[in-house]
Every structure is written in C-alpha cells, then in structure tokens.
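A short worksheet on the structure shown next.
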Amino acid sequence: MSDKNLFIGIDLGGTNIKAALVDTDTGAIAATHSTPTHSREGHDAVITEMAALAEEIVRGSKSPKTDIGGIGVGIPGALDLETAADRSRLTLEVKGTFPRQLDVSGAVELGPSRVGFAGLGRMGRPMASRLVRAGFRVTGFDVDRAAAQGFAGDTSAAIAASPAQLGAASDVVITMLADGGVVRALILGASHAAGNATPALIDALHPGSIVIDMSSSAPTGTQRLGEELAARSVTLLDAPVSGGVVRAEAGTLSIMAGGDPTTIARCRPLFDAMGERVFATGPLGSGHAMKALNNLVSAAGLLAAAEALLVGRRFGLDPQVMIDVFNASTARNNSTENKFEQFVFSRRFSSGFSLALMVKDLATALDLAEATATPAALGARCRELWSTAAAELAPGADHTAVVQWLERLAGATLETDRSR
C-alpha cells in the first residue's frame, strides 16, 4: 500500500488567507478554504481546519461535494477516497510563510483510522465511544461479552471475538485494563511463552502497528513489554489518564503519554478525541510513572481532607461550611472540589474508580520510590492506611468509601443536612 500525500498550500496575497488541499500524486485540488483576515489566529485557524478536513478525507467520512461552515468543499474524482480511507498512514505537509517572516513549515503525520479498543468497562466504554464519535473505525473487545455487546449496541461498532481478531482489524490497539499483567496477557497470550498455539494479539498485528496502554500499569513492566513488542516491529506507548468516568464521557480526560515523540504526535488525533489535555511525559514508562505519582498525591489529599473534616465535625463545625472554606482557601484540592459534596456528603460513594485500583496505584508509586532509592515515609503510611481500609471494607468498594472507614474510626459521620 503506497502513501498518498496531501499538501496544504497557503496564499497570503490579497485581502484573504487562502488555502488549497492538494493531492500531490495527481495535482488534483481536494478542497479550498479562505478567511478574510491576516491575523495569526486566522492563519492558524486555516491550517487547523484544513488539517481536520484532510483527516476526514482519509477516513472517507466526507462526501465528494459538501459545505463545511459555509466553506465550499469539492473533492474531485482524481482523489482515490477508497484507497485513502483504507490506508493506515497518510502524510499531511503544512507549508507557508506568515507576515513578519513567521515560518510555519512543518510536517504532521495523521493518525491511523482503524482502531482496536480492548477493555470496555466503566472507563474504556466512554473512551471508545468518543473515538467512534470522532470518526475512527473502532473495533471493540472485552472478555465480558455483555460489556462488548453493550458497546456495540450504543455505537454500532464492530466487536472482535478474540485478541487476535482485534489485532487483525487494527492499525493501533488501545488497552484500558485492570493492570499491566492483564495487558501483557492480552497482547502476548496468557500461555504464549509456554508455546500455546492459540494466536495472540501480537501474532495478528502487522509490522508498524502501535499499541497504546492507557491502563494504570507498572512503568518497569511497560518498558519490558515495549522491548518485546519492538522486536516484532510494533511500537508501544503508555498513555494513562486522569479524570474519572465523568470526564471520560465528556472527552476531557488528562492524558500522560510516554514513548517515542513521533509516534505520540501521530496518535494525537486519538488522544484529542478522548482528552482535553495531552502531556508528553518522556520515554516509554514515564506516563505510567506519572499516573502512579499523581494518584499518590491524590490519595494523600483525600485522606488529609477527610481527617480534617472529621476533626471539625467532632468540634462542632459544619462539614459543608468547611468544604466551602477549603475551596476558597489553601486547603483546596481535587477531592475537596470534586469528591466530598458529590460522593461523600451525598452518601453515594460511586465515583467510578475503585478502592482496590487506588491501592494498586499506591503500590506502583512506592515501588518506584524504592527503585529510585527515594525516601517516601508519607507515601508508605498513606499506602498502609488505604490497604487497611480495602481489607475492612466490602469488596468492590469505591475509593471514596475510604471516608466511611475513617468515619468508623472517628465515631462520626460527614453526612450533612443537604444530603438528607
């Protein structure tokens, strides 16, 4: 399959900024765009609009004759849309010169259109749905058949019957699973090393494919897996997320991407469909390290706020007033803003992130501290408290239920008048 290049030419003459999207193989104009401004913002907007249009052409989701926001778009027959839509790669060159000699030349490689998504649980399902809505051809997979069929019913996406079938249908595979061990088993096969003849996901991926682990995995395990996949000409990125189910549904997650910068840039359209902010954290494994350390800070902040609220409650302060003061003062953190009123005062305890997963992430953070010979006394005590709570609360408890455990110790409750 040969590459087809689309070129964005920018003309700054006259009263308008004009752009043409050209098929460089045939010279055919795929689309035109103009805007009556010479501002930097206007110039950037033209490039952004044309880049987005090029992606739609690649995916085959744009009809030959259409209007976008009043901009006439004509796609001539010389541009082979069927070929372009089935391609796994397309290079978009953006060139031009802005007044005051601002150079905006560069190259952007558009992301693949065929995406496999493994793990359609509380986080994975809304993330995969965002990709479908963004126009990607998504194939889903989950060992829970009901979860897979529920996703298919919501989106009309295809469902793979096995990891190997998922790999065969994908240019990039995203995993959103419980931990790195589950990710490894999915990719390499649970008994792959023992010579199991059942094809694994890796056996079906073509050379040049990408795997993005968006789970909360251990960074050292991610690095080892990356080496094994590289030997098969498959690139691994780690890109865990923060924001919970609500932000997954809204497509506003924070994404921490580790790995090859060029591959991260190529996958940026995928990340942008699921997240609001994307951080390139460094080499492979750095995203998972960042996620674990982020959750260490988050876990400590939740405990600190809960303890302070319980002290205040026993003194006679109203927890609601305390939260209002915290959020207007230096005690403010993510838990005081987004968890206490929503899940603790309301007695819902249903944020969508389990207590067991928080304990796992704390263990990862402390393993990282040990591996780097960094003292982490507060972190160790934090993990101990969370682990004890997990052992004493019901299986499957939400992580916000740690406050219920603290309430039992204090002999007080943070239920408020508003929650009754």
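The values are calculated or read from the model by the stated rules, or taken from the named source; none is laboratory data. Just so it is clear, the structure is predicted and the values come from calculations on it, not from any experiment. Neighbour counts are summed over all protein chains in view; Cβ atoms, including those assigned to glycine, are modelled from backbone coordinates with ideal geometry.
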Residues that are in a strand (DSSP E or B), crowded, with 20+ Cβ neighbours inside 10 Å and modelled with pLDDT of 95 or more: does segment 259-267 have at least one?
no
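Here's the yes/no breakdown for (1) charged (D, E, K, R); (2) in the same structural domain as Gly352 (by TED's automatic domain parsing); (3) surrounded by 18 or more Cβ atoms within 10 Å (Cβ to Cβ); (4) more than 17 Å from Gly301 (Cβ to Cβ):
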{"site": "Ala389", "(1), (2), (3), (4)": "no, yes, yes, no"}
{"site": "Glu392", "(1), (2), (3), (4)": "yes, yes, no, yes"}
{"site": "Gly396", "(1), (2), (3), (4)": "no, yes, no, yes"}
{"site": "Thr400", "(1), (2), (3), (4)": "no, yes, yes, no"}
{"site": "Glu407", "(1), (2), (3), (4)": "yes, yes, yes, yes"}
{"site": "Ala410", "(1), (2), (3), (4)": "no, yes, no, yes"}
If we ask which residues in segment 279-307 are surrounded by fewer than 20 Cβ atoms within 10 Å (Cβ to Cβ) and touching a strand residue (DSSP E or B) at 6+ places or on another chain (Cβ under 7 Å), their number turns out to be 5
Residue satisfying all of: in segment 246-274; hydroxyl-bearing (Ser, Thr, Tyr) and touching an Asp or Glu at 6+ places or on another chain (Cβ under 8 Å); nearest to Met290 (Cα to Cα) among these
Ser254
Among (1) more than 20 Å from Met127 (Cα to Cα); (2) at pLDDT below 95; (3) touching a helix residue (DSSP H, G or I) at 6+ places or on another chain (Cβ under 8 Å), where does Gly208 come up short?
(3)
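Listed residues Ala300, Ala280; which is within 28 Å of the chain's Cα centre (by Cα) and free of Cβ contacts under 8 Å to residues at least 60 places away in the same chain?
Ala280
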Going through (1) surrounded by fewer than 19 Cβ atoms within 10 Å (Cβ to Cβ); (2) part of a helix (DSSP H, G or I) one by one, Leu270 fails only at (1)
Of Ser191, Ser242, which residue is over 19 Å from Arg266 (Cβ atoms), modelled with pLDDT of 95 or more and of a type in the set (S, T, N, Q)?
Ser242
By my count, helices (runs of 4 or more DSSP H) wholly in segment 332-418 with at least 1 residues that are under 24 Å from the mean Cα position of the chain (by Cα) and not small (Gly, Ala, Ser) are 334-338, 355-371
